[in-house]
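Step one of this worksheet: look at the structure below.
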Amino acid sequence: MRVPEDLQLDPGLEDEAPMPPLSERRKPSRRRRQRRPWRIALGLVVLLLLGIAGATILDRVGTQHAAQVQVVLTADLKQGGDELLAGKQSVSDANTKSDPAQLVVADQHFKKSRRLFQDALDRTRFDPWLVAASITPGISSFAGPRIRSVGAIARMGLDLVDAGSGAAAIDAALLGPSSGDLHGGQRLVQILKEAQPKLDQVVVDLQQAKQEAGQVDLSVIPATQQATVANAKAEIQKGLDGLGEFQALAPVLLDVLGETSPKTYLIEQVDPAELRGGGGFIGSYALLSMNKGEIKLELGANVANIDIPYPLPGGKNYLPQPSPLDEFTGGGRGWVFGDANFFPDFATGAQAGEDLFFRETGKKVDGVISIDPWAVAALLTITGPVAVPGWNTTVRADTFPQDVFVREEQTANGNAQQQNRKDFFPDVANLMLAKLSTLPADQWTKLIGALNTTVTQRHLQVYFNPAKSETEMDRMGWSGRILKPAGLESMLEVESNFGGDKANHFLDRVGTQHAAQVHTPAGFLGGRAYRCYLRFYYPAGATNASIQVQKADARPTDEKPPEGLKLLDGWFQVNVDPRLGYGTYAVVISWDTALSSGATGHSIYWQKQPGTLSDAVKVSYSVNGMTYHASSDLSQDRVLVLTGGGLQVNPGAAGNAHLPTLG
């Protein structure tokens with residue numbers, strides 16, 4: 001822009017001192033403001049604002065006041081942003097470290113950030129040079145968008161400070177000490193109810209920040225700052241999405257915790273040593289009641305207490321078994337609750353479990369939670385060791401899975417505790433729940449992290465009857481459903497131990513050929529062989545599918561695969577060779593998938609079966625005359641990414657429940 005030659009600089013500006021904050025400056029008198037040559041000074045100031053115009057006009061004209069405004073505004077906004085980020089990090093640290101003191105640090109950062117953003121905003125509104133530049137002909141068209149963009153950035157900063165302070169206030173309630181007699185679920189109910197209006201205000205603050213970010217004219221700022229503004233918009237949207245998810249989850253949590261009406265949940269304590277499609281044979285169970293956050297474990301028992309005597313055809317509670325189960329049991333009896341975990345899709349199995357449990361006990365429940373020993377071990381990392389006086393032991397996270405296996409599965413030999421072996425798991429669960437119900441709030445973040453890990457590894461699965469609640473479990477990755485991610489081919493290999501033994505505890509697997517090595521020692525219930533019913537789910541659009549397995553179904557499966565999938569199945573048995581101390585068997589499965597026209601790569605979603613640990617995975621992929629290899633494990637779902645240049649094995653879906661926080 002060309003500066004008119006007849007305009008002169010105010011000679012007094014050349015020796016003007018650095019500008020203090022507006023709050024420390026006296027406003028000039030009306031007479032003094034009238035005498036200043038506004039047009040030229042303001043034009044120069046705004047062109048330098050925030051580094052937007054660089055030093056171009058300064059080089060041309062050299063006005064000292066313009067340079068000072070630029071420096072101060074740039075510093076205010078940069079320091080305000082730095083303090084905002086520091087506050088956000090302190091909130092994050094408070095959550096990850098369960099350290100409420102970090103929220104005090106966050107508050108200090110937010111206060112500094114607010115002052116700096118407010119100073120910047122006040123300059124754009126009250127500095128006489130900037131005000132005049134925005135209305136001076138010949139200058140306002142250039143200066144106006146820049147002034148307005150600076151103001152929008154400052155207001156966006158203030159809105160984000162408000163949002164951060166609101167989130168910190170919510171976290172302070174979550175991490176603070178318990179008050180009165182409220183603990184565990186009762187306290188969570190109280191906090192969720194009190195937090196709702198605060199969450200609503202945080203959402204309003206973020207929406208206002210989003211609107212202000214939209215007022216920034218990207219065309220008047222340098223490319224480097226355009227990226228900064230774009231990142232800010234993305235972070236604001238991320239915050240809104242996260243809070244939106246929590247706003248959807250909060251009423252579900254309140255309902256699950258029995259705030260709206262008392263709830264009763266069926267806890268399936270599964271035995272992965274006798275593997276089934278949904279994680280393991282249900283060896284014992286418990287009923288968990290929740291009433292306005294008060295949590296009680298009402299009943300725990302051996303499943304044999306309700307399964308036996310088995311229902312017979314024509315009887316009141318008779319329900320036909322799935323045909324593979326019927327083949328396993330020899331037919332002639334009905335389906336029982338202990339065998340409800342037949343399906344790998346947990347929602348399907350949970351619904352079957354509720355029905356069978358009602359038939360056998362007359363009790364209705366509001367949902368089903370499945371846990372195995374590794375889920376309990378994860379919770380023990382939060383509670384610490386738990387003494388179990390009735391069994392004269394103390395259970396610990398690192399030894400519990402093996403401890404419960406030995407106590408429940410070794411041959412009884414007439415010992416009373418071994419005869420009542422299925423009582424051990426519910427006894428431990430009852431004591432652990434008592435500790436969890438009084439867990440300090442500053443440990444809740446760690447607890448949720450541990451639960452997320454267990455659902456990612458499919459040791460914990462949850463089903464709630466209300467559709468809204470189950471939808472939230474799906475969104476959080478807690479539902480245990482068979483997954484078919486959009487755009488990915490899906491596959492799932494499922495084993496069911498239909499031999500009545502505990503061989504899965506002594507089983508090693510290696511993919512991609514399904515090779516099983518069993519080394520079951522003597523002295524455990526059911527013998528040493530591994531008799532397996534195997535299912536393989538693959539894309540419905542695949543062709544030429546086959547399975548090389550020891551034995552086909554004697555009674556063809558009546559299972560209907562989930563939509564979009566087909567099913568291959570068969571039987572095999574692995575016997576321990578006494579000369580080697582182990583036995584092996586390999587299953588080969590093949591199918592063809594047609595790639596879309598022009599595809600340069602392909603991805604396969606490989607879902608982990610519940611109840612398994614970290615089975616080794618070895619993948620080979622040949623393309624363009626080259627063969628690529630990768631090794632991984634099935635400690636969680638995996639995604640195989642195949643391209644013309646190689647092979648990757650990436651993590652699949654994970655549990656993602658979280659407490660509300662902007663950190």
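Read-outs throughout are calculated quantities, based only on the coordinates presented, and are distinct from any laboratory measurement. For clarity, every value in this text was computed on a predicted model and none was experimentally measured. Neighbour counts run over all protein chains shown; Cβ positions are idealised from the backbone, glycine included.
In table form, for the structure just shown:
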{"quantity": "14 Å beta-carbon shell around Leu580, net charge (K/R +1, D/E -1)", "calculated": "0"}
{"quantity": "Sequence of Ile282, Ile221 once ranked by neighbouring C-beta atoms within 10 Å, starting from the fewest", "calculated": "Ile221, Ile282"}
{"quantity": "Additional length obtainable on full extension of the chain from Lys364 to Asn231, 0.36 nm per residue less Cα span", "calculated": "42.8 nm"}
{"quantity": "Cα-based equivalent ellipsoid, segment 558-626: semi-axes from gyration tensor eigenvalues, Å", "calculated": "31, 20, 13"}
{"quantity": "Exposure proxy order (Cβ contacts within 10 Å, fewest to most) of Ile236, Ile589, Ile153", "calculated": "Ile589, Ile236, Ile153"}
{"quantity": "Bridge type composition, segment 263-476 - antiparallel percent by DSSP, nearest 5", "calculated": "85 percent"}
{"quantity": "27 Å tail of the calculated P(r), segment 112-255, as % of Cα pairs", "calculated": "38 percent"}
{"quantity": "Cut-off under 5 Å, modelled amide H: who pairs with His658 long-range", "calculated": "none"}
{"quantity": "Local electrostatic count, Pro539, Cβ distance below 12 Å [Lys/Arg +1, Asp/Glu -1]", "calculated": "-1"}
{"quantity": "Tail weight of P(r) past 18 Å, computed on alpha-carbon pairs of segment 235-360, percent", "calculated": "62 percent"}
{"quantity": "Size descriptor, Kirkwood hydrodynamic radius, that averages inverse alpha-carbon separations across segment 589-633, Å", "calculated": "13.3 Å"}
{"quantity": "Lys, Arg +1 and Asp, Glu -1 on Cβ, resulting dipole of segment 263-476 about Cα centre, debye, nearest 20", "calculated": "440 debye"}
{"quantity": "Likely footprinting exposure, His629, His602, His459, fewest C-beta neighbours within 10 Å first", "calculated": "His629, His602, His459"}
{"quantity": "Given Lys263/Lys435; Lys296/Lys446; Lys446/Lys502; Lys97/Lys435, the pairs whose alpha carbons are separated by over 30 Å", "calculated": "Lys446/Lys502"}
{"quantity": "Residue pairs, from the table Lys566/Lys608; Lys210/Lys238; Lys210/Lys468; Lys88/Lys198; Lys316/Lys363, whose Cα atoms sit over 20 Å apart", "calculated": "Lys210/Lys468"}
{"quantity": "Segment Tyr310-Leu85, length gained on full extension (0.36 nm per residue, minus Cα span)", "calculated": "74.7 nm"}
{"quantity": "From the C-alpha gyration tensor of segment 351-407, square roots of 5λ in Å", "calculated": "29, 13, 11"}
{"quantity": "Partners for Lys364 among aspartates and glutamates (Cα-Cα distance below 15 Å; same-chain residues under 8 apart left out)", "calculated": "Glu268, Glu298, Glu354, Asp355"}
